[in-house]
Amino acid sequence: MGSTLWRNARLATLTGRSPWGLIDRGALLVKGACLHWIGRELDLGSGLDIEVEHDLGGALVTPGLIDAHTHLIYAGQRASEFELRLQGASYEQIAQAGGGIRSTVAATRLASDEGLFASAAARLDRLRAEGVTTVEIKSGYGLSLEHERRCLQVARRLGRERGVDVRTTCLAAHALPPEFDGRADDYIDAVCGWLPQLHAESLVDAVDAYCERIAFSREQTARVFEQARRLGLPVKLHAEQFSDCGGVALAASYRALSCDHLEYVGAEGVAAMASSGSAAVLLPGAFYFLRETRVPPVDAMRRAGVPIAIATDHNPGTSPTLSLRLMLNMACTLFGLTPEEAVRGVTVNGARALGLSDRGRLAEGLRADFAVWDLEHPAELAYWLGGNPCLRVLCGGVPLAL
Ligand code: NIG
Ligand code: FE
């Protein structure tokens, strides 16, 4: 098999000890779906079987970006809720009054499979156009076996048809559907019954839950996690977003891939994540959009060595953004990350939050997932607001049409 050479590039490999793992005048040799060789153009050996050669004109190349937390599949929008919140209503008040997630569930249940696919595909294409090559997509707006299955099937189809690698997460324990009003424990029993079926249909890569005052308790979350463990599925958790419910410690005891949100996590939670190896997925879009004021304890996470990932949390209620680059900027301006930490959060640590070791860096043997940017320096990924400097995206060695 011949290979493709991408040369005359500035590579931000995110490997090694030097800042950004920068290689100037670098080259990448892609064979099939993998990075076969990477280094300085000068060091490229002779006698290589190069079929095609591309001169990148000095452009910046980074690993393909990884959005490790999205709720991409839903119908409708919630602009009226945004207006209510601007007038003083809180997210929790709206949820308690039957709005919030429930209103998106009602719209999603009414949508056709084709309609759900088309709207999610349009969103995915916007993420992709900004360099995203791996996306985690959660269910959680179906809340019945039939509708959770439909949403997960749409996620799988997106992975097959849009050229991007999709990881699915079952978030059936996202909110209580109206037919289970006042019966949260019964709903959790139902969810535990659906998981083996959805898993048998190969629809689930991980299991998530929303552990919060307005959602499910620690005990209810633990029952979902027990079932995931029986099925051999990794878990993740929406945890400590509005209060410290002890969700992080619980998730860490199940060696969660990640704990997400974390504005209210305390010292014990951070220590638990450090010992379980769980990544912290910070979601500055939701923090910003809900006009929260309490920031996640980034310093404590750094000191404890918790890997920090950044994601869009794209959803119609709390984070209606489709720009992972904007999240990089917000991770710096709102949460105090350095641009390099932020970029590592959507590459190396994004991969970590999904349990993937074959991507997130530019290194030999890893997937040939990379983005080419009309930028001089990788810090610019977190610097420019708006516009789109992404020139090309390759996923698994295949160039995507942007
Ligand atoms: O990650 N926190 C819970 N879930 C979503 C919001 C979902 C919604 O409001 O529709 C989140 O922020
Ligand atoms: Fe979320």
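For residue 181 and residue 374 in one chain, what is 0.36 nm times their gap in residues minus the Cα-Cα distance, to one decimal in nm?
Values: separation 193, 0.36 × 193 = 69.48 nm, distance 5.20 nm.
Extending this stretch completely gives an extra 64.3 nm.
Please report the net charge: other residues with Cβ closer than 14 Å to the Cβ of residue 380, K and R +1, D and E -1.
Numbers: positive: 10, 325; negative: 130, 340, 374, 376.
The answer is -2.
Given the options 255, 352, 303, state which has the largest fluctuation in a GNM of the chain using a 10 Å cut-off (strictly under) for Cα springs.
Looking only at 255, 352, 303, the biggest GNM fluctuation is shown by 303.
For a quick check of understanding: with a 1.4 angstrom probe and all protein chains in place, what accessible area in square angstrom does residue 1 have, to the nearest ten?
Taking all protein chains as shown, residue 1 has close to 150 Å².
Taking R0 as 30 Å, what's the FRET efficiency between residue 106 and residue 230 from their Cβ-Cβ distance, rounded to 0.05?
Between residue 106 and residue 230 the formula returns 0.40.
Relative contact order (percent) for region 120-274, with alpha-carbon contacts under 8 angstrom and 6 or more residues of separation?
17 percent
Suppose the chain between residue 1 and residue 40 were pulled fully straight at 0.36 nm per residue; how much longer would it get relative to their current alpha carbon spacing?
This chain segment gains 11.8 nm when fully extended.
Would you work out which of 389, 349, 379 lies farthest towards the positive end of the dipole of region 345-402, given +1 charges on the beta-carbon of Lys and Arg and -1 on that of Asp and Glu, about the Cα centre?
349
Once each part is reduced to its C-alpha centroid, what is the distance from region 232-268 to region 304-350 in angstrom?
Taking the Cα centre of each part, region 232-268 and region 304-350 sit 17 Å apart.
Take every DSSP beta bridge whose two residues both sit in the chain, then give the antiparallel share in percent to the nearest 5.
So the antiparallel bridges amount to about 40 percent of the total.
Would you please name the trypsin sites (Lys or Arg not before Pro) within region 52-107 that are DSSP coil residues with at most 14 other C-beta atoms within 10 Å of their C-beta? Provide the component values of the computation, followed by the final result.
Numbers: sites: 78, 85, 102; in loops: 78.
Loop-located and lightly packed - none at all.
What does the charge count around residue 194 come to, taking other residues whose C-beta lies under 9 Å from its C-beta (Lys +1, Arg +1, Asp -1, Glu -1)? Let's see the in-between values first.
Values: positive: 149; negative: 148.
The answer is 0.
With an 8 Å Cα cut-off and a minimum separation of 6 or more residues, compute the relative contact order for the chain in percent.
Computed over the chain, the figure is 20 percent.
How high is the relative contact order of region 264-331, in percent, with contacts defined as C-alpha pairs under 8 Å that are six or more residues apart?
38 percent
Would you calculate, for the chain, the mean residue ellipticity at 222 nm contributed by helices, counting each DSSP H stretch of 4 or more residues as -39,500 (n - 2.57) and dividing by all residues, to the nearest 500?
When only DSSP H runs of four or more count, the value is -10500 deg cm²/dmol.
Let me check I've understood the local charge: for residue 225, count other residues with C-beta under 13 angstrom from its C-beta, Lys and Arg +1, Asp and Glu -1. What total comes out?
Local charge sum for residue 225: +3.
In nm, to one decimal, how far is the modelled label at residue 52 from the one at residue 92, with both set 7 Å along Cα→Cβ?
The modelled label-to-label distance comes out at 5.4 nm.
What distance in nm lies between label points placed 7 Å from Cα along the C-beta direction at residue 294 and residue 401?
Label-label distance for residue 294 and residue 401, simple model: 4.9 nm.
Work out the length of the dipole vector of the chain about its Cα centre, built from +1 on the beta-carbon of each Lys and Arg and -1 on the beta-carbon of each Asp and Glu, and round it to the nearest 20 debye. Present the calculation step by step, with values, prior to reporting the outcome.
Working: 40 positive and 47 negative charges, 48 e Å.
The dipole of the chain has a size of about 240 debye.
Could you state the angle between the C-alpha long axis of helix 324-333 and the longest principal axis of the C-alpha atoms of the chain, as a value from 0 to 90 degrees rounded to the nearest 10?
That helix lies at roughly 80 degrees to the long axis.
Run the numbers for residue 114 and residue 33: contour at 0.36 nm per residue of separation, minus the present Cα-Cα distance, in nm. Mind dumping the intermediate values first?
Values: separation 81, 0.36 × 81 = 29.16 nm, distance 2.99 nm.
Here the segment from residue 114 to residue 33 would lengthen by 26.2 nm.
The values are calculated or read from the model by the stated rules, or taken from the named source; none is laboratory data. Model, not experiment: these values are computed from the prediction. Neighbour counts are summed over all protein chains in view; Cβ atoms, including those assigned to glycine, are modelled from backbone coordinates with ideal geometry. Only protein heavy atoms, including side chains, enter the accessible area calculation; ligands, DNA and RNA are left aside. Shrake-Rupley method; radii C 1.70, N 1.55, O 1.52, S 1.80 Å.
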